[in-house]
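Let me begin by presenting the structure, written as structure tokens, before commenting on it.
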Amino acid sequence: MPTDRAVNERLSHNAGRLTCIGMEDTATADPTRALAAAWLDDVPELTDRLLAAIFRGGPESADYRPVPPGELRDGCHRYLTRVLHLLTGDQPGSDTDDVAAEIGRHRAAQGVPLEAMLRTFRLGGRVVWEAMLERAVRTPPEAIGPAATAIWAVVDGLSSALAAAYRSAQLEQLRRDEQHRHALIEGVLADRARDDAFAQRVAEQLDLPRGGAYLVVVADVGADGEPTLRGPRTALASVRVGSVWHLRADTLIGLIPLDSHRPGFVLDRLRPLARGRAAAASTAHGLAEVGLAHRLALTTLGTLPSGTVALVPVEDRFPQCLLVGSPELRRRLVASWLDPLLELPAREREMLLHTLTAWLDAGRSAGLAAERLYCHRNTVLNRLHRVQSLLGRDLEGRQAFVELSLALDAIDLPGEIGQSAQ
């Protein structure tokens, strides 16, 4: 603790310094400024005090482990210097203080908690306040209150600047992290995970297994920007299934390691969440074939008519996927089998197409088809005879069954052919 004589000498020294720069009136009229100026040459001592206060509870309590000791000391020194300069009025203050903002951005990048930084700034204010009291021998008692108010106003302002810069840096880091995460997922979807080094990086940074089975889910994004599959990550986490989700402009994509689960287990938990079209495909060959599964899921999604509310696996839409993948073959198939029916007036066309579909679904049994259509068996036979006459082709046989079934699927798919038949 300095002696009274030392304090008096320090005050005299700083009063003289203020006089030299044309501030004699201010020094005598504003004790706060004079007391702050008296410590400007001794900031290293204040820095020692602040560091001791920070680590009073031990190194573990300070949350500064990512910061090298020399760098922490430098930051404390700059902060205390800035507090004193603002109190003396040597430098103007602002809402975006450069010193506090730079410290906030740097500590955010190092991962120091904001609470630790704000605590340091408060402790720094207390260190300055206690130091000024030590040298306030000639300061009138009535001037002590305004000095305290000035100190904490400065500390509050610097703390606000620190917090704003810290949060801004955190948001920027989150954006960069999200961009990096998206880039990794896009790389997987583009088959880059066939490269072992890239697959290893994805596995480590996204916490995904390199090998094993995966289910890839895709869902439409609505006009409001919201995916038609609501809350899938939370729903799967509730049954201890991890997942990574990636939002594009038009689709939501989910990468789901299956571990010991079957695809059906996951699909059963996701189906109730569907509010529109969604599709899925699986692979047993890890990240290397997630891109392939994604393309199959997208193809499956493309087979679902607009307005569909369902989550459909590729296994349920093999014929439709084949047709969607071959637009010209699809067009020729429809033209070969169904064009004469599609040219009929709407009412007759729909009646014959409906009958033909029911007959094929019933295993080409006129009796079963009649039951499903709520009509007489002879009515079904008459309609089938009309279809056969229009087509000029035999409806019996395996090839006719396959081609007719595919042609009927083709006109129900999204796209020009399906729309022209509506």
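The values are calculated or read from the model by the stated rules, or taken from the named source; none is laboratory data. Predicted, not measured: the structure shown is a model, and the values here were computed from it. Neighbour counts run over all protein chains shown; Cβ positions are idealised from the backbone, glycine included.
Which pairs turn up if I take residues in segment 43-55 that are within 11 Å of L123 (Cβ to Cβ) and look for partners that are not in a helix (DSSP H, G or I) with beta carbon separation below 6 Å, at least 6 apart in sequence or on another chain?
I54/A62; F55/A62
Residue-wise test of (1) in contact (Cβ under 8 Å) with a residue 40 or more places away in the chain; (2) under 27 Å from Q320 (Cβ atoms); (3) assigned to a helix (DSSP H, G or I); (4) touching a helix residue (DSSP H, G or I) at 6+ places or on another chain (Cβ under 9 Å).
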site: L208; (1), (2), (3), (4): yes, no, no, yes
site: D224; (1), (2), (3), (4): no, no, no, no
site: R233; (1), (2), (3), (4): no, no, yes, no
site: D268; (1), (2), (3), (4): no, yes, yes, no
site: A281; (1), (2), (3), (4): yes, yes, no, yes
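Checking R138 against (1) in a helix (DSSP H, G or I); (2) of a type outside the set (A, V, I, L, M); (3) in contact with a helix residue (DSSP H, G or I) (Cβ under 7 Å, 6 or more places away or on another chain): exactly one of these is not met. Which one?
Evaluating R138 over (1) in a helix (DSSP H, G or I); (2) of a type outside the set (A, V, I, L, M); (3) in contact with a helix residue (DSSP H, G or I) (Cβ under 7 Å, 6 or more places away or on another chain) leaves (1) as the failure.
Looking only at segment 237-260, decide whether some residue is of a type in the set (A, V, I, L, M, F, W, C), assigned to a helix (DSSP H, G or I) and surrounded by fewer than 19 Cβ atoms within 10 Å (Cβ to Cβ).
Yes, segment 237-260 has at least one match.
Residue under question is T88, and the condition is that it be out of contact with any strand residue (DSSP E or B) (no Cβ under 7 Å at 6 or more places or on another chain) and within 22 Å of Y166 (Cα to Cα); does it hold?
Here the answer is no, as T88 does not meet what is asked.
Check segment 335-350 and report whether any residue there is touching a helix residue (DSSP H, G or I) at 6+ places or on another chain (Cβ under 6 Å), hydroxyl-bearing (S, T, Y) and in a helix (DSSP H, G or I).
Looking through segment 335-350, none of the residues is touching a helix residue (DSSP H, G or I) at 6+ places or on another chain (Cβ under 6 Å), hydroxyl-bearing (S, T, Y) and in a helix (DSSP H, G or I).
If you check A161 against the conditions, is it in the same structural domain as D98 (by TED's automatic domain parsing), crowded, with 20+ Cβ neighbours inside 10 Å, touching a Lys or Arg at 6+ places or on another chain (Cβ under 6 Å) and assigned to a helix (DSSP H, G or I)? Talk me through it step by step, then tell me what you get.
On the way: in the same structural domain as D98 (by TED's automatic domain parsing): yes; crowded, with 20+ Cβ neighbours inside 10 Å: yes; touching a Lys or Arg at 6+ places or on another chain (Cβ under 6 Å): no; assigned to a helix (DSSP H, G or I): yes.
In short, no.
If you go through segment 344-351 one residue at a time, do you hit one that is touching a Leu at 6+ places or on another chain (Cβ under 7 Å) and under 28 Å from F318 (Cβ atoms)?
yes
Run R295 past the list (1) assigned to a loop (DSSP other than H, G, I, E, B); (2) free of Cβ contacts under 8 Å to residues at least 24 places away in the same chain; (3) closer than 15 Å to L189 by Cβ and report the number of the one that doesn't hold.
Here R295 meets the rest and fails (1).
Okay, residues lined up against (1) more than 17 Å from the chain's Cα centre (by Cα); (2) assigned by TED's automatic domain parsing to the domain that holds D63; (3) among the polar types (S, T, N, Q):
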position	(1), (2), (3)
R122	yes, yes, no
P140	yes, yes, no
R194	yes, no, no
A197	yes, no, no
G225	no, no, no
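Within the bounds of segment 376-390, is there any residue that is touching a Pro at 6+ places or on another chain (Cβ under 7 Å) and surrounded by fewer than 18 Cβ atoms within 10 Å (Cβ to Cβ)?
There is at least one residue in segment 376-390 that is touching a Pro at 6+ places or on another chain (Cβ under 7 Å) and surrounded by fewer than 18 Cβ atoms within 10 Å (Cβ to Cβ).
For segment 16-73, give me each residue that is closer than 20 Å to R107 by Cβ, of a type in the set (A, V, I, L, M, F, W, C), loosely packed, with under 12 Cβ neighbours inside 10 Å and at pLDDT below 90.
Passing the criteria: none in range.
For every residue, the table says whether it meets (1) surrounded by fewer than 17 Cβ atoms within 10 Å (Cβ to Cβ); (2) touching a residue at least 60 places away in the same chain (Cβ under 8 Å); (3) not assigned by TED's automatic domain parsing to the domain that holds L273.
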residue	(1), (2), (3)
V312	no, no, no
L333	no, yes, yes
S336	yes, yes, yes
P340	yes, no, yes
E343	yes, no, yes
M351	yes, no, yes
L356	no, no, yes
